[in-house]
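To keep things clear, I will list the structure first and then write my remarks on it.
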Amino acid sequence: MTRPLLIENARIVDPASHTDAKGAVLVENGVIAHIAIGGPIGVPDDAVVINAKGLILAPGLIDMRVFTGEPGKEYRETLQSAGDAAAAGGVTSFVMMPDTAPVVDDGALVDFLIRRAKATSKVNVLPAGAITKGLAGQEMTEFGLLQEAGAVCLTDGRHSIQSTALLRTVMSYAANYGMTVVHHVSDTSLTGDGVMNEGLFATILGLKGIPREAETIPLARDLQLAALTGTRYHAAQISCAASIELMAAAKKRNPHVTAGVSINNLALNENDIGRYRTFFKLSTPLRSEDDRQAVIEGLRNGTIDTIHSDHDPQDTEVKRQPFAEASDGAIGLETLLAAALRLVHSGDVDLMTVLRAMTSRPADILGLASGRIAIGAPADLILFDLDYPWQVSEREIRSRSRNTSFEGARLAGKVMRTIVAGQTVHTHAED
Amino acid sequence: MAQARASKTNTPAGPSGDFPPFSQKHLLSIADLKQHEIIDLLDRAEAMVPVSRQERKSHPTLTGKTQINLFFEPSTRTQGSFEIAGKRLGALVMNMSVKSSSVSKGETLIDTAATLNAMRPDVIVVRHSAAGAVELLSQKVGCAVINAGDGAHEHPTQALLDALTIRRHKGRISGLTVAICGDIANSRVVRSNLLLLGALNVRTRVIAPRNLLPAGIEHLATEVFTDMRRGLEGVDVVMMLRLQHERANGRMIPSVREYYRFYGLDTEKLSHAKPDAIVMHPGPMNRGVEIDPAIADGVQSVINEQVEMGVAVRMAVLDALLPARNEE
């Protein structure tokens, strides 16, 4: 038995209950035992007390899109190093994409990963099961067996299913199990060999562009199929104004469709590529500033449900290449919260909305008990200083890969303590 | 606004010593150059023309310097031009042709740069199929780097030699109207030319079928046309581009036959340009695809002179970048 934990004098911000008030939370046996807003709280004699004065107590973040190197490319990232990075960033649970070697398309591998993560990772690792065998977009995997083994959703990760007929079958079958289909929308025939957003800037750089329609055309298709099949559908990451319009229209008719956005598409735009900076080579690509503003508005008005890091560790060999030849992807677990708080500090989006997109909304979509400060919920919590200034430094990155889009960025907001199942897994050490 | 100097009235006396130190370390992009630097390079190139025309084609200001031509994709013309330019200036020139991308051999471009850097060259001339690759390499070596074409990005010495050719024929550059015709989307020559001509106050037109026009081109060129005859109306210079054969046969355009019918430069279409318009082509040409052979070899064609000016421009660029005279 571990000692009870009391966090007092905190500003509790819990989007699930729409709470934003001073109070205290008591944790016993890994779950939230008592919540006191304003008034007194019964404190067991042996409780460990944390005075959280000046800090915000929020549910631990749930990151719906994280790529790991393990299994297969442990030199890029292990479950342990990803867990360390997550804990430092305030992420207490992350959905692990199936794009590994081997691909997570089999229940046995899901089972192995859960046990491996419990043994090595500080945070909850939630494997996603592949939709198609080998992510090849041809044959369905065993959805029921994947779910039994512990897969929290179905996705082909960074791959996009091109066959409309197959996707219809996938969605129909997934509905049997109530599993959310998370789909990266990309028409590969339109994407072609494009490497960044199509437009003037791509033309100036002499790089092949990816039109927005490579996203909006399959998104429109997916939303129609979701309505047809009645499945729970989550557009993994959308990036442009036209997609926001499509999502907003679909949501009016169908409550089972949701959408996520990468923090990169919220915080950055295509101009950040500058002179071929490959850390900004991402899939989905960074779009124009107009698109970024539309996505922010989508977050503000509820069209966008979740914000994720799109954490994608890539080693130097594949990143230090000419732009068109470099791999896509950037790490982001450690900077997710602070980068999202930029929207709060700029006044674009309020704190509650930003936190909701990283706590209760992903929990709702995945059917998790966490992501909220509620009695009986897992004590996955973070304490953060909303205004703490810091600068992202390559030296301090915990991921095994260093491909951060925020290298050198000045951010405000730092996680001071991360708690998973009542246990402190990270504390910020002052310099 | 400064005017481009007319060579016929203001020919520099010779290649030695009349020019102030050049401020750029590399030549990666026309976008990096200020107007006066472009004019400076053109004047230097003008001064190099007599060197190539004299019997003893030598002006050994770069004796003792080492020039590596690193070509990741084949280019007989550009590589040969840089080789002759370096040799005429007395440099030790080494050609390295890398048949496929070095990455396929498990070596990154950065590794290649480090290896070459250890050989202590004074200048590396690079051609690579990927946009930005030359810039990436320049960040990893200690010597000057010249972009000899990077993907669909830039080909700065081509734009300079085009400008020099125009200036020699027209006596000026500023105020002219230049039409660039053909595969605009995939051409590095276009980008460098639009930047350079724009910097020298030239009115630029691009002419191409809509699907060979890249997004946002209207922000780079003064005017955009999809009709060849309208686009050529009253222009001083017609610059044709090579059509890549893989784009024909239904991929980007239906056929070579149809392309030539609507976008190939023939006598009738050329008649819409000014009577004294000059015709240019960066080569190698597809005769009968983008240009009528009779025009390619005709009186308005300056295509061979472009090749000659290519050597002069490359001599000028090598001479400007290698601090033979301005060592501190």
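Ordering A:Val195, A:Ala339, A:Ile373 by Cα displacement along the dipole of chain A toward the positive end leaves A:Ile373 in first place; charges were set at the Cβ atoms of Lys, Arg (+1) and Asp, Glu (-1). Beta bridges assigned by DSSP with both partners in region B:38-139 are antiparallel in approximately 0 percent of cases.
Partner lysines whose Cα lies under 29 Å from the Cα of B:Lys170, excluding those fewer than 8 positions away in the same chain, are identified as B:Lys8, B:Lys34, B:Lys57, B:Lys269, B:Lys274.
Whole number in Å², please: accessible area per residue of region A:119-229, 1.4 Å probe, ligands, DNA and RNA not counted.
Working: 4210 Å² over 111 residues.
Per residue, region A:119-229 has an accessible area of 38 Å².
For the interface of chains A and B, what total accessible area is buried with a 1.4 Å probe, rounded to the nearest 100 Å²? Chains A and B together bury roughly 1700 Å² of accessible area. For A:Arg417, the residues 5 or more places off, or on other chains, whose built amide H falls under 5 Å of its own are A:Leu383, A:His428.
Put a plus charge on the Cβ of each Lys and Arg, a minus charge on the Cβ of each Asp and Glu, and nothing anywhere else: the dipole of region B:210-313 about its Cα centre is then about 440 debye.
Given a cut-off of under 8 Å on Cα pairs at least six residues apart, what relative contact order in percent is computed for chain B? Mind showing how you got there, number by number?
Numbers: 651 pairs, mean separation 66.9, N = 328.
For chain B, the relative contact order is 20 percent.
The Cα atoms of region A:368-431 cover 40, 26, 19 Å along the three principal axes, with the biggest extent listed first.
Using R₀ = 22 Å, calculate the FRET efficiency as 1/(1 + (r/R₀)^6) where r is the Cβ-Cβ separation of B:Leu92 and B:Arg56; round to 0.05.
0.70
Peptide B:130-140 has a mean of 5 when you count, residue by residue, the C-beta atoms of other protein chains within 10 Å of its C-beta.
Which peptide among A:260-270, B:47-57 comes first, and what is the full order, when sorted by highest mean count of other Cβ atoms within 10 Å? Walk me through the numbers on the way to the answer.
On the way: A:260-270: 24.8, B:47-57: 15.3.
Put in order of decreasing packing, that is A:260-270, B:47-57.
DSSP beta bridges confined to chain B are antiparallel in about 5 percent of cases. Lysine pairs in chain A whose alpha-carbon atoms fall under 30 angstrom of each other, counting only those eight or more residues apart or on distinct chains, come to 25.
Centroid-to-centroid, using Cα positions, region A:1-59 and region B:142-206 are 67 Å apart. Measuring nothing but how far apart in sequence close Cα pairs (under 8 Å, 6+ apart) lie, relative to its length, chain A scores a relative contact order of 19 percent.
Based on DSSP, what percent of beta bridges with both residues in the protein assembly as shown are antiparallel, to the nearest 5?
On the way: 33 of 99 bridges.
Counting only bridges with both partners in the protein assembly as shown, antiparallel ones make up about 35 percent.
Basic side chains Lys and Arg get +1 at the Cβ, acidic Asp and Glu get -1 at the Cβ, and with that the dipole of the protein assembly as shown about its Cα centre reaches some 1480 debye. Taking label points 7 Å from Cα along the Cα-to-Cβ direction, A:Val31 and B:Glu218 give a separation of 6.3 nm. Label reach from B:Ala114 (point 7 Å along Cα→C-beta): in region A:36-76, amide nitrogens under 20 Å belong to A:75-76. Backbone phi angles across region B:117-124, fed through the Karplus curve with coefficients 6.51, -1.76 and 1.60 (θ = phi - 60°), yield HN-Hα couplings of 4, 5, 7, 6, x, 9, 8, 10 Hz in residue order; Gly and Pro are listed as x. Since only A:Ala220, A:Val185, A:Ala117 are under comparison, the one whose Cα sits farthest along the positive direction of the charge dipole of region A:77-222, derived from C-beta charges on Lys, Arg, Asp and Glu, is A:Ala117. Could you calculate the FRET efficiency of A:Asp290 with A:Asn9 from 1/(1 + (r/R0)^6), where r is the beta carbon distance between them and R0 is 60 Å, rounded to 0.05? That gives a FRET efficiency of 0.90.
Structure remark: mean-square fluctuation, Gaussian network model of chain B, C-alpha springs under 10 Å; the largest value among B:Leu213, B:Leu194, B:Leu161 belongs to B:Leu213. With each label modelled as a point 7 angstrom along the Cα→C-beta vector, the A:Asp45-A:Thr164 pair spans 7.2 nm. Between region B:267-317 and region A:336-374, the C-alpha centres lie 62 angstrom from each other. Rounded to the nearest 20, the Cβ-based charge dipole of region A:82-179 about its Cα centre (Lys and Arg +1, Asp and Glu -1) stands at 220 debye.
Charged neighbours of A:Leu55, selected by a Cβ distance under 13 Å, balance to +2 (K, R count +1; D, E count -1). A simple count of charges around B:Ala199, restricted to other residues whose Cβ falls under 12 Å of its Cβ and scoring Lys, Arg +1 and Asp, Glu -1, yields -1.
Using the Karplus relation 6.51 cos²θ - 1.76 cosθ + 1.60 with θ = phi - 60°, the per-residue 3J(HN,Hα) values for region A:302-315 come to x, 5, 8, 9, 10, 10, 10, 7, 6, 4, 9, x, 10, 7 Hz, with x marking Gly and Pro.
What percent do you get for the relative contact order of region B:199-267 when only Cα pairs under 8 Å and 6+ apart count? Let's see the in-between values first.
Working: 49 pairs, mean separation 19.2, N = 69.
Here the relative contact order equals 28 percent.
Is there a simple number for the mean count of other chain Cβ atoms within 10 Å of the Cβ of residues in B:180-188, and what is it? Please list the in-between numbers first.
Values: counts 0, 0, 0, 0, 1, 4, 2, 1, 1.
That average works out to 1.
Projected label points at A:Arg300 and A:Lys53, each 7 Å from Cα along the beta carbon direction, are separated by 3.6 nanometres. Our coupling estimate for region A:331-339, obtained by passing each phi through the Karplus curve with A = 6.51, B = -1.76, C = 1.60 and θ = phi - 60°, is 6, x, 4, 6, 10, 3, 5, 5, 5 Hz, Gly and Pro reported as x.
Report the calculated FRET efficiency for A:His18 and A:Asp385 (r = Cβ-Cβ distance, R0 = 22 Å), to the nearest 0.05. If you can, show how the numbers build up before the last one.
Numbers: r = 22 Å, r/R0 = 1.02.
With a Förster radius of 22 Å, E is 0.45.
The values are calculated or read from the model by the stated rules, or taken from the named source; none is laboratory data. Because the structure is a prediction, the values reported are computed rather than measured. Cβ coordinates were reconstructed from backbone atoms using ideal geometry, including for glycine residues, and neighbour counts include every protein chain displayed. Each accessible area value is taken on the protein alone, full model and side chains, heavy atoms only, with ligands, DNA and RNA left out. Shrake-Rupley method; radii C 1.70, N 1.55, O 1.52, S 1.80 Å.
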